[in-house]
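Enquirer: Okay, here's the structure, questions in a sec.
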Number of protein chains: 2
Amino acid sequence: MPFADTHELLNRLRHIVGEAHVLTEGDLSAYEQDWRKRTRGKALAVVRPGSTQEVADVVKACAAASVSLVPQGGNTGLVVGSIPSEAGDQVVLSLLRMHAVRAIDADNLTLTVEAGCILQNVQQAAEQAGFLFPLSLGAEGSCTIGGNLATNAGGTQVLRYGNARELCLGLEVVTAQGEVLHGLSGLRKDNTGYDLRNLMIGSEGTLGIITAATMKLYPMPAASLTAWVAVPSVAHAVKLLGLAHQHLGAGLTGFEMMGQFALSLVDTHYPHLRVPLWQDTPYCVLLENADNESEAHARQRFEDLLELALEDGYVTDAVVAENLTQARNLWHIRESITLAQAEEGLNIKHDISVPISSIPAFVETTDALLAREIPGVRLVNFGHLGDGNLHYNVQAPELGDPKVFLRDHETQVNALVYQSVKRFGGSISAEHGVGSMKVDDLPDYKDPVALTLMRQLKRALDPKGTLNPGRVVR
Amino acid sequence: MPFADTHELLNRLRHIVGEAHVLTEGDLSAYEQDWRKRTRGKALAVVRPGSTQEVADVVKACAAASVSLVPQGGNTGLVVGSIPSEAGDQVVLSLLRMHAVRAIDADNLTLTVEAGCILQNVQQAAEQAGFLFPLSLGAEGSCTIGGNLATNAGGTQVLRYGNARELCLGLEVVTAQGEVLHGLSGLRKDNTGYDLRNLMIGSEGTLGIITAATMKLYPMPAASLTAWVAVPSVAHAVKLLGLAHQHLGAGLTGFEMMGQFALSLVDTHYPHLRVPLWQDTPYCVLLENADNESEAHARQRFEDLLELALEDGYVTDAVVAENLTQARNLWHIRESITLAQAEEGLNIKHDISVPISSIPAFVETTDALLAREIPGVRLVNFGHLGDGNLHYNVQAPELGDPKVFLRDHETQVNALVYQSVKRFGGSISAEHGVGSMKVDDLPDYKDPVALTLMRQLKRALDPKGTLNPGRVVR
């Protein structure tokens, strides 16, 4: 792009959002560096609009100048979807200044919030109004609700409340043409045409820029209990899940499985967390039960369930947290697996899903395949079993240089795992999305007709390629 | 279309699906007449493919001949979306021969079924496997699951389980180009690209033809109880809804409100149903509570709730069904309102939604508006209050010829109601869809940017206008 044109665009952008909100100098690493620090891009400018109209005007200005935009929330994504390319020819559009909670409607059980609001602040606004906003994930202190929706974030409460998609009733979106789609209706039913809301959700900023959303609220449960159990196998964990669904119904809000090696890493690197029950069992499961009646009732239902599960042999040992501190500690162990992995050294992460019924066979065959093809490999298998979603990660062998291992084996490991996922009818990205990291893998693992439709949709809604080009679909 | 071309196309279709499954003569009214018997079209032919590949081949043949298709399930839609035009130039593609339940996966809590399976048969297949398939609506004995998905059907369990959309995990779809999208994954999480499933759901056969679906199953509740209460106003009904959410959580599976005049029609035309509590109150509410523990527990929770509601004055009187027969009778009263309306004479139906918090003001202002503008008009107000969805229907005045009333006032009544809906941020079609009946109303009541996006999507996926043209969007 000629210097004069760049200069003119930057002036135009400064005119729209104000001098102070067009950043071109200084430390821009928070906007240019991806969360896992694997890639760093270079922004033509970072633009921080303060209103929906400013977002629309920025899109129009960039489209007119044939400059593409990378929408960005908290920049906590794991698939390199929200940083600019290295060429320095893309504008980062940061939504962080748009963080207002616009409205809470108690009778409609909804909250309307701007895209740049930090997830934790959304949770707190709901709680202050006496409600639960159930979306919850590791990055909640820095990710934004707009980013959660753009990537259809998952997290730990999906089993009961669904992904970000299922929690959203309406969106305000700026299109690739800089028009504003007003869809913050808060309606639970509206069959007047195509589902634009769900089309935008999960499109990672490639079809439109989400500027605000109306989200569902839930009554706060009267009590919430956490249990930690040892299971003799993955197959037993799946049977326990079925029993828990039957017994607790919608009370079952969490069901996380963790393999022995994953827990051993937590035990090694964070011994003060005192991981329970892990030494004598191949897998542990964390269950959560939310109850709208009372803690006593929740405990009774949980104990009944665990008694049945012990009788049936699905569970060999169990502890139920006695209080909130114990419960938090159990969740903390689960959430520390990723950090313990990092302490242990370099590793290869996956975020896969298969039908829940196929998980036992998937784990057995993929474990065996990897052990055979790459001797010494260590599998850190854990995840949201209740959603069929595993973070089936691979740690370098104990001996040798993990950097060399990753250099020589990362592509091979990915291919082995993804091919196994494909054989079991699964997905190579269950909750993290595609970004630029997996965009070139999709043709090998996704239905070709689906990819054709995706390309048609991208061309139809963003023919000039203004919005986050090269992410999700090429 | 020249006769020779028609002849060639019909031969081609006979070759694809077999002579017996291309109908051009005899009584085709089941395919050509809309459910409410307001319109009758004329089919070039009715084609009944027996497999997904046959559907794809039929689409290809019709597209090549520039003949458009009207996909059809049970033909029970209420917005004239599934019958051919009167010109005799459209092929009806009936999915009724594709009715197999392909698989039930108990551990994955899913059922995979072909589009032409009658909803009641889907429910029964689930029940025989020990599970609940919760989609339930008046036409369940003749509507198909494919039609339910194509129109994103609602019904009586939306409050707890969502619309048809929320119950679907995957689709098999034939595109406008006659390609097959294989998406029957049964995954609860898959973030590998745009949400094609939800784009197809609710598109009323204009973007693709749904040939099979993987649907969610739920554990069968241990008990289900029904209550019938009198409330002093719509505002009190909304407060009761909030209390019931808080108290019963996900146990609350039904919340239907019925106005006094609606119930008086049931009382007049079906006195044997013995409508309870309606005479001394402006509105009644039917509540349903499903419990995964026991009937005793369900009853206790219900009684606690009703006691609180009586104390707070949200409810003035209440009955809880003693047994299944009584519960069924209460639901039967609710479901008889539409029939009682028909017995009473011609009427104007609406299927609108507004945010739940706006329902009291919407009802008050719209009631007053109609009474002022059209003296003597009688309002049959009932519906799924828990979803913000009312069937706010209008019965002709008691005196005078209802035919004349409809001729002179139907357009005016629709405009008054829809403008009021728009003022309250609502939808003019909450669960019935658009079809050809409401397609020309949309530009007056829907966001213009949304309509532009819809047209772009239609052009992108079906540039030749092969699939159900003129429905949903022009």
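Derivation of every value follows stated rules applied to the coordinates shown; laboratory data play no part. Model, not experiment: these values are computed from the prediction. Reconstructed Cβ throughout: ideal geometry from the backbone, glycine too, with neighbour counts over all protein chains shown.
Enquirer: Out of all the residues in the stretch A:42-50, is one or more under 30 Å from residue B:354 (Cα atoms), in a loop (DSSP other than H, G, I, E, B), among the small types (Gly, Ala, Ser) and out of contact with any Ser or Thr (no Cβ under 6 Å at 6 or more places or on another chain)?
Expert: Yes, some residue in the stretch A:42-50 is under 30 Å from residue B:354 (Cα atoms), in a loop (DSSP other than H, G, I, E, B), among the small types (Gly, Ala, Ser) and out of contact with any Ser or Thr (no Cβ under 6 Å at 6 or more places or on another chain).
Enquirer: Name the residue, out of B:28, B:78, B:69, that is touching a helix residue (DSSP H, G or I) at 6+ places or on another chain (Cβ under 9 Å) and either more than 14 Å from every other protein chain (Cβ to nearest Cβ) or under 20 Å from residue B:204 (Cβ atoms) (or both).
Expert: Exactly one residue qualifies, and that residue is B:69.
Enquirer: Within the stretch B:25-45, track down each residue that is in contact with an Asp or Glu (Cβ under 8 Å, 6 or more places away or on another chain) and surrounded by 22 or more Cβ atoms within 10 Å (Cβ to Cβ).
Expert: B:43, B:44
Enquirer: Let me ask another. Among A:126, A:153, which is the only one that is hydrophobic (A, V, I, L, M, F, W, C) and more than 10 Å from chain B (Cβ to nearest Cβ)?
Expert: Exactly one of A:126, A:153 is hydrophobic (A, V, I, L, M, F, W, C) and more than 10 Å from chain B (Cβ to nearest Cβ), namely A:126.
Enquirer: While we're on this one: I need a count of the residues in the stretch B:221-252 that are farther than 24 Å from residue B:133 by Cβ and either hydroxyl-bearing (Ser, Thr, Tyr) or touching a His at 6+ places or on another chain (Cβ under 9 Å) (or both).
Expert: Result for the stretch B:221-252: 1.
Enquirer: Kindly evaluate residue A:13 against the criterion of being touching a Phe, Trp or Tyr at 6+ places or on another chain (Cβ under 8 Å), under 19 Å from residue A:96 (Cα atoms) and among the hydrophobic types (A, V, I, L, M, F, W, C).
Expert: It is false that residue A:13 is touching a Phe, Trp or Tyr at 6+ places or on another chain (Cβ under 8 Å), under 19 Å from residue A:96 (Cα atoms) and among the hydrophobic types (A, V, I, L, M, F, W, C).
Enquirer: Does residue B:379 qualify as being assigned to a helix (DSSP H, G or I) and surrounded by fewer than 23 Cβ atoms within 10 Å (Cβ to Cβ)?
Expert: Answer is no for this residue.
Enquirer: For the subset of the stretch A:279-320 comprising residues that are of a type in the set (S, T, N, Q) and in contact (Cβ under 8 Å) with a residue 24 or more places away in the chain, which member is farthest from residue A:383 (Cα to Cα)?
Expert: This residue is A:294.
Enquirer: When you check residue B:165 against the structure, is it among the charged types (D, E, K, R) and either more than 10 Å from chain A (Cβ to nearest Cβ) or free of Cβ contacts under 8 Å to residues at least 24 places away in the same chain (or both), yes or no?
Expert: So residue B:165 fails the test.
Enquirer: Could you check the stretch A:76-106 and list, in sequence order, the residues that are within 26 Å of the chain's Cα centre (by Cα), more than 25 Å from residue A:182 (Cα to Cα) and not charged (D, E, K, R)?
Expert: A:76, A:77, A:78, A:79, A:80, A:81, A:83, A:84, A:85, A:90
Enquirer: Just to be sure, is residue A:328 closer than 30 Å to residue B:304 by Cα and either assigned to a helix (DSSP H, G or I) or away from every other protein chain (no Cβ under 14 Å) (or both)?
Expert: no
Enquirer: Please specify each residue of the stretch B:44-56 satisfying the condition of being out of contact with any Pro (no Cβ under 8 Å at 6 or more places or on another chain) and either in contact (Cβ under 8 Å) with a residue 60 or more places away in the chain or within 16 Å of residue B:470 (Cβ to Cβ) (or both).
Expert: B:52, B:53, B:56, listed by residue number.
Enquirer: Within the stretch B:226-238, which residues are more than 8 Å from chain A (Cβ to nearest Cβ) and either among the β-branched types (Val, Ile, Thr) or in contact with an Asp or Glu (Cβ under 7 Å, 6 or more places away or on another chain) (or both)?
Expert: Answer for the stretch B:226-238, where residues must be more than 8 Å from chain A (Cβ to nearest Cβ) and either among the β-branched types (Val, Ile, Thr) or in contact with an Asp or Glu (Cβ under 7 Å, 6 or more places away or on another chain) (or both): B:226, B:229, B:230, B:231, B:234.
Enquirer: Now for a different question. Which is closer than 19 Å to residue A:322 by Cα and part of a helix (DSSP H, G or I), of A:262, A:230, A:298?
Expert: Only one candidate passes the filter, namely A:298.
Enquirer: Considering only the stretch A:405-457, how many residues are more than 7 Å from chain B (Cβ to nearest Cβ), buried (at least 17 other Cβ atoms within 10 Å of the Cβ), in contact with a helix residue (DSSP H, G or I) (Cβ under 8 Å, 6 or more places away or on another chain) and over 18 Å from residue B:171 (Cα atoms)?
Expert: Of the residues in that region, 6 qualify.
Enquirer: Now for a separate question. Can you tell me which residue within the stretch B:51-74, out of those that are outside any helix (DSSP H, G or I) and surrounded by fewer than 23 Cβ atoms within 10 Å (Cβ to Cβ), is farthest from the chain's Cα centre (by Cα)?
Expert: B:65
Enquirer: Return the only residue of B:202, B:242 being within 14 Å of another protein chain (Cβ to nearest Cβ), assigned to a helix (DSSP H, G or I) and either under 24 Å from residue B:388 (Cα atoms) or under 21 Å from the mean Cα position of the chain (by Cα) (or both).
Expert: That would be B:242, the only listed residue that is within 14 Å of another protein chain (Cβ to nearest Cβ), assigned to a helix (DSSP H, G or I) and either under 24 Å from residue B:388 (Cα atoms) or under 21 Å from the mean Cα position of the chain (by Cα) (or both).
Enquirer: Hey, does the stretch A:170-185 have a residue that's among the hydrophobic types (A, V, I, L, M, F, W, C) and within 7 Å of chain B (Cβ to nearest Cβ)?
Expert: Checked against the condition, which is being among the hydrophobic types (A, V, I, L, M, F, W, C) and within 7 Å of chain B (Cβ to nearest Cβ), the stretch A:170-185 yields at least one hit.
Enquirer: Is it fair to say residue B:39 is polar (S, T, N, Q) and farther than 29 Å from residue B:167 by Cα?
Expert: yes
Enquirer: Given the condition aliphatic (A, V, I, L, M) and under 20 Å from residue A:383 (Cβ atoms), answer yes or no: does some residue in the stretch A:438-461 qualify?
Expert: No; the residues of the stretch A:438-461 include none that is aliphatic (A, V, I, L, M) and under 20 Å from residue A:383 (Cβ atoms).
Enquirer: Can we say residue B:273 is among the hydrophobic types (A, V, I, L, M, F, W, C), in contact (Cβ under 8 Å) with a residue 12 or more places away in the chain and surrounded by fewer than 19 Cβ atoms within 10 Å (Cβ to Cβ)?
Expert: Spelling it out, residue B:273 is indeed among the hydrophobic types (A, V, I, L, M, F, W, C), in contact (Cβ under 8 Å) with a residue 12 or more places away in the chain and surrounded by fewer than 19 Cβ atoms within 10 Å (Cβ to Cβ).
Enquirer: Taking the condition of being of a type in the set (Val, Ile, Thr) and free of Cβ contacts under 8 Å to residues at least 24 places away in the same chain, how many residues in the stretch A:24-43 meet it?
Expert: 1
Enquirer: Just give me the residues in the stretch A:335-376 being in a strand (DSSP E or B) and either in contact with a Gly (Cβ under 7 Å, 6 or more places away or on another chain) or farther than 30 Å from residue B:105 by Cα (or both), in sequence order.
Expert: The answer is A:347, A:348, A:352, A:353.
Enquirer: Are any residues in the stretch A:271-295 over 27 Å from residue A:222 (Cα atoms), among the hydrophobic types (A, V, I, L, M, F, W, C) and outside any loop (DSSP other than H, G, I, E, B), and if so, which ones?
Expert: A:273 - this is the single residue of the stretch A:271-295 that is over 27 Å from residue A:222 (Cα atoms), among the hydrophobic types (A, V, I, L, M, F, W, C) and outside any loop (DSSP other than H, G, I, E, B).
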